[in-house]
Amino acid sequence: MSSSTKQASAVLAFQQKYGPWALIAGASHGVGAAFAQQLAARGLNCVLVARREEALRDLQAQLIEEYGVEVLLVTQDLAHADATSKLLAAVAEREIGLFVYNAGGDPYITKFLDTSVDDWSTLLRLNALTVMACSHAFGGRMLERGRGGLILVGSQAALGGIRKLAMYSATKGFALNLGESLWAEWKDRGVDVLNLLIGTVDTPTMRAAMVKLKIADALTMVLPKAGEIVEVALRELANGPTLIHPEDLSFSDPALQPGTVRQQHVLSKSAEAALFIGTD
Ligand SMILES: NC(=O)c1ccc[n+]([C@@H]2O[C@H](COP(=O)([O-])OP(=O)(O)OC[C@H]3O[C@@H](n4cnc5c(N)ncnc54)[C@H](OP(=O)(O)O)[C@@H]3O)[C@@H](O)[C@H]2O)c1
């Protein structure tokens, strides 16, 4: 088989598993926009969600022109309590085969008591409650069809508490544990789940945060590109539950990768718990 035939059959298999539509929550720039680009390049129609309509419109025009896919825009604040029901209404009968939840930075970066409970609650809705509600709604539909994928874009801050990032690390930890549990529940039912834990990536939000924090070389420091990370995530989508970037890439033996160690932990804890709570 020639390499172009191999590539075409890989794209077809990807579409059959994760198509015909992908929804990217937080798609207007950075990692989310890179997901949209690479999914459209694989022939998936895209639902693009974010708050800034103009940025979404530019991306929509580009995806239609370059890849000839269909693109639906949803201008929506994902920190609102009704965000998931609004998404479901906008998507209507479209089959979402791949759901990517990418929105979720920390705009505050303060000590816990220096930001109000109201503002932390907004972060909690964006990074945890809407993630849970979307996973429930869209994951449920995928399970009914017996195929699909869920990608939760997370952070290495999920791995433990960090000073001045209390709610960010707490909410990212929530999403990580949720995603790993869903992977264990859904892995034999045709639906893949991947937590993509990022160290640092070159996005407008990260650059703006570095400038605000007065970090030397904030605008010139070399950082991993969003497109490179997304490429690895899509390649490893079926090898969940957790991909830790860049650490996992530094081990050629998969058994030594921190992501594999977490996978083994989820499997052994699930088996242990099954003795008490059942295997159904
Ligand atoms: N950048 C890094 O170095 C880094 C490191 C570790 C983890 N991550 C994770 O990677 C993901 C992407 O990060 P990022 O740096 O690109 O930052 P981001 O500020 O989370 O922005 C990502 C996208 O989400 C959208 N978004 C943000 N808040 C939203 C809201 N309330 N409602 C709807 N859409 C919203 C943004 O568009 P609008 O502003 O138009 O709404 C943008 O399209 C996040 O989950 C973050 O935690 C990033």
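The single residue among ALA233, ALA218, ALA226, ALA208 that is open to solvent by 50 Å² or more (accessible area, probe 1.4 Å), out of contact with any Cys (no Cβ under 8 Å at 6 or more places or on another chain) and aliphatic (A, V, I, L, M) turns out to be ALA208. Taking GLU228 and the conditions (1) in a helix (DSSP H, G or I); (2) of a type outside the set (Ser, Thr, Tyr); (3) more than 15 Å from the ligand (Cβ to nearest atom); (4) free of Cβ contacts under 8 Å to residues at least 12 places away in the same chain, which numbered condition does it fall short on, given that it satisfies the others? All conditions pass for GLU228, except number (3). Is the range 259-266 home to any residue that is part of a helix (DSSP H, G or I), of a type outside the set (Ser, Thr, Tyr) and at pLDDT below 95? The answer is no, given that none of the residues of the range 259-266 is part of a helix (DSSP H, G or I), of a type outside the set (Ser, Thr, Tyr) and at pLDDT below 95.
Could you tell me which residue of the range 62-87 is farthest from ARG145 (Cα to Cα), considering only residues that are under 18 Å from the mean Cα position of the chain (by Cα) and assigned to a helix (DSSP H, G or I)? Only one residue fits best here, namely ALA83.
Taking the conditions exactly as written (aromatic (Phe, Trp, Tyr) and either touching a Lys or Arg at 6+ places or on another chain (Cβ under 7 Å) or open to solvent by 10 Å² or more (accessible area, probe 1.4 Å) (or both)), does PHE14 satisfy them or not? When the stated conditions are applied, PHE14 passes them.
Here the range 32-43 is the region considered, the condition is being of a type outside the set (Gly, Ala, Ser) and surrounded by 24 or more Cβ atoms within 10 Å (Cβ to Cβ), and the residue that is nearest to the ligand (Cβ to nearest atom) is PHE35. Search the range 45-71 for residues being out of contact with any Leu (no Cβ under 7 Å at 6 or more places or on another chain) and among the aliphatic types (A, V, I, L, M), and hand back the single one that is farthest from the ligand (Cβ to nearest atom). Per the criteria, the residue is ILE64. Among the numbered conditions (1) under 20 Å from the mean Cα position of the chain (by Cα); (2) among the acidic types (Asp, Glu); (3) more than 15 Å from the ligand (Cβ to nearest atom), the only one that ASP106 does not meet is (3).
Within the range 177-203, take every residue that is assigned to a helix (DSSP H, G or I) and of a type in the set (Gly, Ala, Ser) and give me the one that is farthest from the chain's Cα centre (by Cα). Selected residue: ALA184.
Given the criteria in contact with a helix residue (DSSP H, G or I) (Cβ under 9 Å, 6 or more places away or on another chain) and not polar (S, T, N, Q), does LEU44 qualify? Answer is yes for this residue.
Which ones in the range 154-201 are touching a residue at least 60 places away in the same chain (Cβ under 8 Å), open to solvent by 20 Å² or more (accessible area, probe 1.4 Å) and near the ligand (Cβ under 10 Å from one of its atoms)? Those that are touching a residue at least 60 places away in the same chain (Cβ under 8 Å), open to solvent by 20 Å² or more (accessible area, probe 1.4 Å) and near the ligand (Cβ under 10 Å from one of its atoms): GLN156, TYR168.
Please work out which residue is farthest from the ligand (Cβ to nearest atom), limiting yourself to the range 125-151 and to residues that are among the hydrophobic types (A, V, I, L, M, F, W, C) and open to solvent by 10 Å² or more (accessible area, probe 1.4 Å). Residue satisfying both the conditions and the ranking: LEU143.
Considering the range 93-103, and only residues there that are in contact (Cβ under 8 Å) with a residue 12 or more places away in the chain and assigned to a loop (DSSP other than H, G, I, E, B), the residue that is nearest to the ligand (Cβ to nearest atom) turns out to be ALA103.
The values are calculated or read from the model by the stated rules, or taken from the named source; none is laboratory data. Computed from a predicted structure; not experimentally measured. Cβ coordinates were reconstructed from backbone atoms using ideal geometry, including for glycine residues, and neighbour counts include every protein chain displayed. Ligands, DNA and RNA are excluded from the accessible area calculation, which covers all protein heavy atoms including side chains. Shrake-Rupley method; radii C 1.70, N 1.55, O 1.52, S 1.80 Å.
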